[in-house]
Amino acid sequence: MSIGTNLRHVQERVETAAQKAGRDPNDVLVLAISKTMPAELVEAAALEGQVHFGENRIQESRDKIPQLPEGLIWHLVGHLQSNKAKYCPDLFDWVHSIDSVPLAREAAHRYREKGKVCKALVQVNVSGEEVKYGCEPDDTGEILSVLLEDEGIEPVGLMTMPPFDPDPEASRPWFRALRRLRDDLSGQGFPENSLKELSMGMTGDFEVAIEEGATIVRIGTAIFGARGI
């Protein structure tokens, strides 16, 4: 199938999952994960109307993004090291992987010195899995507070990656945990706009994520195929 067909199929699945949960499908953003995909496949998706794309690695993004049309919106969804934050303002409009106070401050500084504002999500390791990046749930409020203090970053929500499991239902408790953490933080007085987004769910489990409140789903394989179409 073509990328256009795949994008339409994904959107149909999003709409079905949202309607099942009594949600408006327009409240769910499909983020096309273009990591490892050549620029021509990303451009093919853009020509089909896809605007939001996610990358994992700084160096790959520095090579790829300049080859692609202006007007696309780029998200960093992979782990960000503090010493690579200096490259982000020229590449990314969103960063999904802020997971410490020092990284929050460094990223904010880099965007502020370029006169830009980045939309940022705090990555939370809700499962406690040792191989996963992300802050402890109890540290989320402190990181959010730092982001709210700085002009270079606009915090907009939370992100998580559950442990891999071929059964989509296995991810449900972790998606639910992130939603509940968001609700707890909201109850503590954090501004509503700083907690609006929940970035969770990928090709194998995004319908479950939508049922649990995801507003951004990160879709790679269902759009581009395992190694591209």
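The values are calculated or read from the model by the stated rules, or taken from the named source; none is laboratory data. These numbers come from a predicted model, not from an experiment. No Cβ is skipped: glycine too gets one built from the backbone with ideal geometry, and neighbour counts run over all protein chains shown. We work out accessible area using only protein heavy atoms, side chains counted, and drop any ligands, DNA or RNA first. Shrake-Rupley method; radii C 1.70, N 1.55, O 1.52, S 1.80 Å.
Within segment 37-59, the set of residues being in contact with a helix residue (DSSP H, G or I) (Cβ under 9 Å, 6 or more places away or on another chain) and part of a strand (DSSP E or B) comprises Phe53, Glu55. Taking residues in segment 143-172 that are hydroxyl-bearing (Ser, Thr, Tyr), and partners anywhere that are part of a loop (DSSP other than H, G, I, E, B) and buried (at least 23 other Cβ atoms within 10 Å of the Cβ), the pairs with Cβ atoms closer than 7 Å and at least 6 places apart or on different chains are Thr160/Val126; Thr160/Gly134; Thr160/Met200; Ser171/Pro162; Ser171/Asp205. One residue is enough: does segment 106-117 have a residue meeting the conditions among the hydrophobic types (A, V, I, L, M, F, W, C), within 14 Å of Gly157 (Cα to Cα) and surrounded by 16 or more Cβ atoms within 10 Å (Cβ to Cβ)? Checking segment 106-117: not a single residue is among the hydrophobic types (A, V, I, L, M, F, W, C), within 14 Å of Gly157 (Cα to Cα) and surrounded by 16 or more Cβ atoms within 10 Å (Cβ to Cβ).
Tally time: how many residues in segment 124-162 are on the phi > 0 side of the Ramachandran plot and crowded, with 19+ Cβ neighbours inside 10 Å? Lay out the reasoning, then the answer.
Going through segment 124-162, the residues on the phi > 0 side of the Ramachandran plot turn out to be 128, 134, 157.
So of that shortlist, the ones also crowded, with 19+ Cβ neighbours inside 10 Å come out as 134, 157.
Selection size over segment 124-162: 2.
For segment 163-181, a residue qualifies if it is open to solvent by 60 Å² or more (accessible area, probe 1.4 Å) and among the aromatic types (Phe, Trp, Tyr), and the qualifying residues are Phe164, Trp174. Among the numbered conditions (1) out of contact with any Leu (no Cβ under 9 Å at 6 or more places or on another chain); (2) free of Cβ contacts under 8 Å to residues at least 24 places away in the same chain, the only one that Ala17 does not meet is (2). Every listed requirement among (1) on the phi > 0 side of the Ramachandran plot; (2) free of Cβ contacts under 8 Å to residues at least 40 places away in the same chain is met by Asn193 save one, (1). Being polar (S, T, N, Q) and open to solvent by 30 Å² or more (accessible area, probe 1.4 Å) is a description that does not apply to Gln50.
Of the numbered criteria (1) among the aromatic types (Phe, Trp, Tyr); (2) over 19 Å from Ser194 (Cβ atoms); (3) open to solvent by 10 Å² or more (accessible area, probe 1.4 Å), the one Trp94 fails is (2). Note on segment 164-213: residues that are assigned to a loop (DSSP other than H, G, I, E, B) and not small (Gly, Ala, Ser) total 13.
Scan Asp63, Asp93 and give me the residue that is more than 26 Å from Val208 (Cα to Cα), of a type in the set (D, E, K, R) and touching a His at 6+ places or on another chain (Cβ under 8 Å).
On the way: Asp63 fails: touching a His at 6+ places or on another chain (Cβ under 8 Å).
Only one candidate passes the filter, namely Asp93.
Across segment 1-36, the number of residues qualifying as more than 20 Å from Glu197 (Cα to Cα) and assigned to a loop (DSSP other than H, G, I, E, B) comes to 5.
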